[in-house]
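Participant: Got a structure here, written out as structure tokens. Questions coming.
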Amino acid sequence: MKWEGLKVKELAKNKKLSLQVLADKAGVSRQTVNDWIRGQIPKGNHLLLLCKLLSANPNVFFSDDSRSDISVPIHRQRMHAKITESTQATALEFAKEYLSIFRNSKGPDILPVIRTQDGKGLNDAKKIAEKLRLLSKIPEEKPFDYQHTFKLAEALGIHVIFRDFPASIKSYAFYIKIHEHRVVFVNNSTNIIDLIFPLLHESVHAVRDEINRDHEYDEAEEAFCDLVAGFVQFPPSYVELVYNAIKKLDKPQQIHTLKSFASTYSHSLYGIVKAIKVVTPDFELQVGGADANLRKQFPTIGKIISAGDDVRKYLQVMHVLSKNFLNLLSEQIESISNRKLAEILGIDGELDAKEIRAELIRGLSSSQN
């Protein structure tokens, strides 16, 4: 990546900060700041802090060539929290670890792009949702479970990468592009029923971010992606079925019945209540406590992909949840060290990585014979 170090000096001057004061505030030596200016990329928290001190977006410090390598996420975090410049800096650090892997890939084939001519209305959202549900091959009346959510990501050409997120990234998942590859990072600590909607939301971004926009946070676009993701997860026929089952019940019975649906189809209570409110705005039901209890029935995505010492089981699960990324690794596995593979997969040790690497090489050899 091409680091534009002179931007540090320029922005410090604009903020009326001497380089020595900037160094003091960043907790580094003046020589370190000089190194940044001359071309050394600040690492980890230093880049994050530099952005904060200079009130700058991390993209400012990289040339246009670099921006074509990585597009930093500008989407909302959990609930209505916006992606901050500090979060963007941390996300950029994440993405940099995968630059060489995606750079060495042959590049994505033609990827699905879904546009609507009319705008961002209810019908537009339903049309996009119908197309996405068809791509996932889920039965028409069934709500999305986490398996179909990852299946859709695969169909959209998305590379799913599972990592432990730092506290500064308050997201279940975020979408990013690396060397024109669609990539979604997923937080290992996310409960699977909490992951479905945000992963669908990021998948909607993937098929709409091909439309050249100003790359600024767009609340209307976020709301529209929410709407589409909601229709993808909960088809109108399912929402109608659930609502008809509870509309004449008292509040406790409504919650009990909703929990039965949610347990059977693996989704949150909050999500289905929100889906009902889209078509029945007057519907009100507080499900916070019941939703929290429901989560205890389901594991985190990290627990699902973790298979202890069973490397083959781990790879089988990864093949289902992250087929595109696993295929990309398989193509390059002979040139990836055990240590690098451990970093890429976010696993604990080189020993596990060595076994995974050997298994991938065996699989590659078998496919070539």
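The values are calculated or read from the model by the stated rules, or taken from the named source; none is laboratory data. On a predicted model such as this, the values are computed, not experimentally measured, just so you know. Cβ atoms come from the backbone with ideal geometry, glycine included; neighbour counts cover every protein chain shown. The area values use the complete protein model at the heavy-atom level, side chains included, leaving out ligands, DNA and RNA. Shrake-Rupley method; radii C 1.70, N 1.55, O 1.52, S 1.80 Å.
Participant: Quickly run through the range 261-304 and pick out the residues that are surrounded by fewer than 16 Cβ atoms within 10 Å (Cβ to Cβ), of a type in the set (V, I, T) and under 14 Å from Y146 (Cα atoms).
Facilitator: Listed by number, the list holds a single entry, T264.
Participant: Here is a follow-up. Given L326, L345, L360, which one is open to solvent by less than 20 Å² (accessible area, probe 1.4 Å) and closer than 30 Å to G230 by Cβ?
Facilitator: The unique qualifying residue is L326.
Participant: Give just the number: which of (1) part of a helix (DSSP H, G or I); (2) modelled with pLDDT under 80; (3) surrounded by fewer than 14 Cβ atoms within 10 Å (Cβ to Cβ) does T90 not satisfy?
Facilitator: Tallying (1) part of a helix (DSSP H, G or I); (2) modelled with pLDDT under 80; (3) surrounded by fewer than 14 Cβ atoms within 10 Å (Cβ to Cβ), T90 fails exactly one: (3).
Participant: Could you please find all residues in the range 134-177 being in a helix (DSSP H, G or I) and open to solvent by 50 Å² or more (accessible area, probe 1.4 Å)?
Facilitator: Within the range 134-177, L134, L135, Q147, K151 qualify.
Participant: For the range 288-308, which positions are of a type in the set (A, V, I, L, M, F, W, C) and outside any helix (DSSP H, G or I)?
Facilitator: Scanning the range 288-308 gives F298, A307.
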